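A quick write-up on the structure given underneath.
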Amino acid sequence: MTYPIEKIRADFPILNEKIRNKPLVYLDNAASCQKPQAVIDSIVKLYSHDYANVHRGVHTLSVRSTDYFEAAREKMKTFISAQSEKEIIFVRGATDAINLVAQTYGKANIHAGDEIIITAMEHHSNIVPWQMLCEEKGAILKVAPMNLAGELLMPEFEALLNSKTKLVSVVHMSNALGTINPVEKIIELAHARKIPVLLDGAQAIPHTPVDVQALDCDFYVFSGHKLYAPTGVGVLYGKQSLLEAMPPYQGGGDMIRTVTFEKSTYAGLPHKFEAGTPSIAEVIGLGAAIDYLNTIGMDKIAAYEAELLAYATQEALKIDGLKIIGEAKEKGAILSFTLGKIHPHDIGTMLDSLGIAIRAGHHCAMPVMDFYKVPATARASFAMYNTKAEIDVLILGIKNLIEMFG
Amino acid sequence: MFEDLRDLYQEVIFDHNRNPRNFHVMENYDRMVEGFNPLCGDRITLFLKLDDDLITDASFQGSGCAISTASVSLMTEIVKGKTEAEAEALFKTFHEMTTGKDENINFEAVGKLAVLAGVREYPARVKCATLAWHTLDAALKNEQQSISTE
């Protein structure tokens with residue numbers, strides 16, 4: 001079956017927008033993806049007909065909202081092939097999930113002199129929570145290096161593993177470079193030394209099928225808004241045994257079994273980690289996004305995006321003076337580039353005047369910018385609804401702006 | 001292709017971006033302040049030489065987008081020979097021009113800087129134009145070694 005690109009584009013109403021009188025070419029998907037009508041409708045339907053707080057009332061609407069909310073958890077369990085819905089913790093996003101692990105698993109298991117390993121291509125969200133933990137505990141953050149193509153140096157990574165290593169936390173797919181890390185190998189090496197592995201899947205999850213049991217990762221985190229769902233919701237997947245042993249994160253309603261002024265006992269999984277009223281509509285919207293993605297298939301999306309990336313890369317390489325930042329062999333649909341002395345912010349403004357949305361900046365990965373000795377890059381990132389025709393618009397725009405800058 | 005951008009990217013801006021004026025490290029400066037825009041990574045170091053309250057020399061180093069480079073280049077030209085009070089007054093006028101608070105641009109007051117008025121139509125780029133002036137303000141007040149637009 002051919003990829004139903006026309007149908008998919010029709011499913012995303014925002015793609016009909018005109019930006020500065022030109023058709024929108026949305027290539028900032030690594031920052032956040034647009035939402036299909038099915039997700040928008042799910043939220044409108046909830047607030048119009050079914051909304052109340054979850055896990056509380058005996059009244060009809062609370063039961064309905066709870067059912068939809070828990071159905072989203074079930075869908076997510078299947079989507080990432082978790083063993084149990086107890087392993088799906090709804091959080092605010094990938095950042096929140098990493099902070100949760102740092103503040104619970106990290107505080108309980110990482111002590112003075114222990115080591116945590118990350119990589120040179122992490123997003124700030126997989127650097128700063130560990131720095132904060134290390135500072136508090138007197139632990140040490142180790143950074144596995146990469147080569148100029150943006151590929152992790154595996155021998156160097158392996159050499160960092162030792163008896164003091166208590167956690168490996170690596171990005172599955174880099175947001176600044178597009179690199180897809182050899183996570184199976186990373187997990188194998190770490191597990192051989194009984195070291196748990198957290199994967200930051202914020203970028204990988206919208207682009208590739210993820211099976212947490214096949215990967216055998218201990219934690220997998222991502223945000224909903226990059227997966228065609230609303231902001232304010234994300235997922236922490238954790239192996240049940242690990243989650244059960246972890247102390248709670250925040251205290252409050254929903255995460256308790258009993259409360260007296262002397263002592264409280266905590267709810268079981270997953271509610272132990274979901275204090276307070278959750279993002280109800282957003283979680284239900286995330287469930288709708290999964291339903292939508294399932295109608296197309298993540299494997300088909302991955303194959304289609306690989307074609308887009310190959311085409312964009314081929315055309316970009318024809319442009320004199322364009323340098324691609326991130327040329328890993330294994331790469332997701334991200335094209336980060338520089339144009340010599342033309343600053344990415346100027347590129348961003350100029351392309352915006354043509355209706356093209358890209359990201360210009362450090363992509364919350366300042367150490368990556370330092371590594372390549374650039375203050376910023378321009379980044380076009382593709383999603384399931386982009387087309388080769390849109391890439392042509394981008395390439396023509398880049399050629400013209402180079403000419404204008406002279 | 002970029003007709004809509006002509007107000008923002010005027011030829012003077014390209015000229016100052018290609019050939020920034022006063023683009024060098026200053027020996028024996030009286031003030032040096034680093035200005036940083038963490039949003040886009042623009043980074044400048046501004047040097048001033050003062051004679052009492054008179055700015056006798058200004059230069060800069062750093063890297064940034066065309067708007068920020070042109071802005072700091074133009075600024076170093078225009079503030080030379082001005083008193084601190086005159087420079088601060090110009091900053092105020094410039095700020096009002098770029099943030100669009102004053103609909104009528106006082107061309108007499110801003111002179112060459114009028115080429116940067118176009119940023120007011122591009123809110124995301126205003127900080128590129130004002131970074132230079134915030135850095136100058138910090139240098140004149142002599143309060144800190146580095147400033148950030150965030």
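The values are calculated or read from the model by the stated rules, or taken from the named source; none is laboratory data. Here the structure is a predicted model, which is why all the values come from computation and not from measurement. Virtual Cβ from ideal backbone geometry, glycine too; neighbours counted across all protein chains shown.
Restricting the range A:373-406 to residues that are within 13 Å of chain B (Cβ to nearest Cβ) and part of a loop (DSSP other than H, G, I, E, B) leaves a set whose member that is farthest from the chain's Cα centre (by Cα) is A:406. Taken together, the criteria exclude residue A:102 from residues that are under 20 Å from residue A:375 (Cα atoms) and within 19 Å of the chain's Cα centre (by Cα). Evaluation of residue B:67 against the conditions (1) in contact with a Lys or Arg (Cβ under 6 Å, 6 or more places away or on another chain); (2) of a type in the set (Val, Ile, Thr); (3) farther than 21 Å from residue B:44 by Cα shows that the sole unmet condition is (3). In this structure, residue A:313 does not qualify as assigned to a helix (DSSP H, G or I), in contact with a strand residue (DSSP E or B) (Cβ under 9 Å, 6 or more places away or on another chain) and modelled with pLDDT under 95. Filtering A:284, A:290, A:325, A:301 for residues that are within 23 Å of the chain's Cα centre (by Cα), among the β-branched types (Val, Ile, Thr) and within 14 Å of another protein chain (Cβ to nearest Cβ) leaves a single hit, A:325. Considering B:19, B:37, the condition of being surrounded by fewer than 21 Cβ atoms within 10 Å (Cβ to Cβ) and under 25 Å from residue B:97 (Cα atoms) is satisfied by B:19 alone.
Determine the pairs where a residue that is aromatic (Phe, Trp, Tyr), located within the range B:106-126, has a partner that is surrounded by 13 or more Cβ atoms within 10 Å (Cβ to Cβ) with Cβ atoms under 7 Å apart, the partner being 6 or more residues away or on another chain. Sorted first by the residue in the range B:106-126, then by its partner, the pairs are B:107/B:114; B:122/A:349; B:122/B:8.
Is it the case that residue B:132 is within 14 Å of chain A (Cβ to nearest Cβ), of a type in the set (A, V, I, L, M) and either crowded, with 16+ Cβ neighbours inside 10 Å or under 22 Å from residue A:405 (Cβ atoms) (or both)? It would help to see each step written out before you state the result.
Values: within 14 Å of chain A (Cβ to nearest Cβ): no; of a type in the set (A, V, I, L, M): yes; either crowded, with 16+ Cβ neighbours inside 10 Å or under 22 Å from residue A:405 (Cβ atoms) (or both): yes.
It is false that residue B:132 is within 14 Å of chain A (Cβ to nearest Cβ), of a type in the set (A, V, I, L, M) and either crowded, with 16+ Cβ neighbours inside 10 Å or under 22 Å from residue A:405 (Cβ atoms) (or both).
Only one entry in B:37, B:17 is within 14 Å of chain A (Cβ to nearest Cβ), of a type outside the set (Phe, Trp, Tyr) and in contact with a Lys or Arg (Cβ under 6 Å, 6 or more places away or on another chain), namely B:37. Of all residues in the range A:255-275, those that are farther than 23 Å from residue A:74 by Cβ and assigned by TED's automatic domain parsing to the domain that holds residue A:105 have Cβ atoms under 7 Å from Cβ atoms of residues that are of a type in the set (Phe, Trp, Tyr) and part of a strand (DSSP E or B), 6 or more apart or on another chain, in A:256/A:266.
Applying the selection to the range A:282-296, what residues are polar (S, T, N, Q) and in contact (Cβ under 8 Å) with a residue 40 or more places away in the chain? Answer for the range A:282-296, where residues must be polar (S, T, N, Q) and in contact (Cβ under 8 Å) with a residue 40 or more places away in the chain: just A:294.
Of the conditions (1) out of contact with any Leu (no Cβ under 7 Å at 6 or more places or on another chain); (2) closer than 30 Å to residue A:41 by Cα, residue A:143 satisfies every one except a single condition; which number is it? For residue A:143, the exception is condition (2). The single condition from (1) surrounded by 14 or more Cβ atoms within 10 Å (Cβ to Cβ); (2) under 25 Å from residue A:270 (Cβ atoms) that residue A:29 fails is (2).
Return the total of residues in the range B:66-89 being over 15 Å from residue B:135 (Cβ atoms) and within 14 Å of chain A (Cβ to nearest Cβ). Count: 1.
Of the residues screened, residue A:241 is one that is free of Cβ contacts under 8 Å to residues at least 40 places away in the same chain and under 21 Å from residue A:221 (Cβ atoms).
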